[in-house]
Every structure is written in structure tokens, then in C-alpha cells.
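See below for the structure under consideration.
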Amino acid sequence: MRPLANALLEAARGMSAARLSVGTAGNVSVRDGSGFLVTPSGMAPACCEAADMTHVATDGSARGRRAPSSEWRLHHDIYAARPEVGAILHAHAPFATALACQRMDVPAFHYMVARFGGDSVRCGAYATFGTQALSDATVAALADRSAALMANHGMIVLAPDLACVLDRAIELEALCEHYWRTRSLGEPPLLDAAQMADALDQFRWYGRPRPLDSDTPT
């Protein structure tokens, strides 16, 4: 468990360094065979050691010297619903949270919205943090997506591994900032269904080899 715990701690510290969250806000987890490792409750990453990372089993029981994040149930339910997911990051990033507090989806104002699996980044319904209701609402908002906003709360991002989940969260925060700034100029024109379908098709190849005569997004 030690190497994985070290990697999880580094991802949590990376989240803080990127200012996706400050202080004790936010949490990160990584799938681990019989369950997952998650950052502890009420501890800033800078104050943590690898030994503070807590294991939560598939039955919801926790093992470790610290209590798991108050959002452990959210991580548990996403892993159960999404077997392809290897890591989860939840943060109170400034621009994502601003949109979430307005309960706004991020629509198809830019093709990079397709990076997260669809023609929008949905904002899930509000529920009290740490509750089953919040978990249910967030799992629903994430259907066929790798990211969502959480009403009056923040962002959540899914990825195959820890390195990818941090990068993807940084991308989502940048996208939310672009949308926030674009809206300051007025309502942006949106890409239509065909244009977004083309973007989604391009993203099937994103970061993978494909024929040399094919265009790829940058």
C-alpha cells in the first residue's frame, strides 16, 4: 500500500499547489483492489503523511489511523458504478465552484467540453456534503461523463489513474474560467450537435496513436 499511498499524497498536494482547493477542502482517492485509498478527513495535504491515507473497503468499512474524507461515500459509490475509473478528485476550485454556486451546466461553448465525455459538463443537484443524497445526485450528473459540477459545492473529476485525474481537474478548472470570462461578454454562441459529435469523435483518439492523415485536437 505504501507506494500507492505516497502517490495519493502527492496528488493531493498537487491539487493544493494548483489552487484547486485550499486548506482542508477537497479530497482525492485511488482504486486499490479491495476498495480504495482516500485522503483523510479534516487534514490539509501539507500536514499529511502517506500513513494518513485511509483505506475504505467495498463494504464501506475503513482501515487506518485517520478517519476517511467526509466524502468517502461519494468515492465509494462512483467506484461501484464506474468500473473503468481508477482515481477521483473532488475540489472547490474557484471558477468551477462559482459556476456550481449558480447551479449552471457548462454548455458546448468550446470543443474542449467534449474532453469530459459529452456536449456539456452537468451540474448535479444540491445535497448536504457527506450524504447519500449527494452521492446519488453526483453519480447521476456523471452519467456518460468524466466530470461534473456539484451545486453550491465544487467539481468532481474521474480518470483512469492519479496522474491523469489531477491533469483533468486542472483542465476542467481552466474550461470553467474560460466560460466564466466568456459570459462576461454576453451569452456565447454554442457549437451545434453535429459539431460536438465531431469533437467527441476526435477525442476518441486524444493521446493515442491514429493514422497520420487524421486531424487531432490540441
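The values are calculated or read from the model by the stated rules, or taken from the named source; none is laboratory data. Source: prediction; values computed, not measured. Note that each Cβ is placed from the backbone with ideal geometry, even for glycine, and that neighbours are counted across all protein chains shown. Please note that ligands, DNA and RNA were not included when accessible areas were found on the heavy atoms of the full protein model with its side chains. Shrake-Rupley method; radii C 1.70, N 1.55, O 1.52, S 1.80 Å.
Assorted remarks:
- Among Arg204, Arg145, Arg19, residue whose mean-square fluctuation peaks in a GNM of the chain (springs only between Cα atoms under 10 Å): Arg204
- On full extension, the segment bounded by Asp136 and Asp59 gains 26.0 nm, given 0.36 nm per residue less the C-alpha separation.
- Between Arg103 and Glu187, full extension at 0.36 nm per residue minus the direct alpha carbon distance yields a gain of 28.6 nm.
- 5 angstrom amide H check on Val121, placed H, neighbours 5+ away: Val106
- Equivalent ellipsoid semi-axes - Cα gyration tensor, the range 27-149, angstrom: 26, 16, 13
- Inter-probe distance in nm under a simple model that places probes 7 Å from Cα toward Cβ, at Arg19 and Ala67: 3.1
- Estimated FRET transfer efficiency when R0 is 22 angstrom, pair Arg145-Asp198 (beta carbons, to 0.05): 0.75
- Of the options (1) 17.2, 54; (2) 15.8, 45; (3) 21.9, 84, only one is Rg and Dmax of the Cα atoms in Å as computed from these coordinates, and that is (1).
- Using a probe of 1.4 angstrom and keeping all protein chains present, the accessible surface of the range 1-94 works out to 43 square angstrom per residue.
- Centre-to-centre separation between the Cα atoms of the range 83-128 and those of the range 1-39: 19 Å.
- Residue order by solvent-accessible surface for Cys164, Cys48 is Cys164, Cys48, largest first, with ligands and nucleic acids left out and a 1.4 Å probe.
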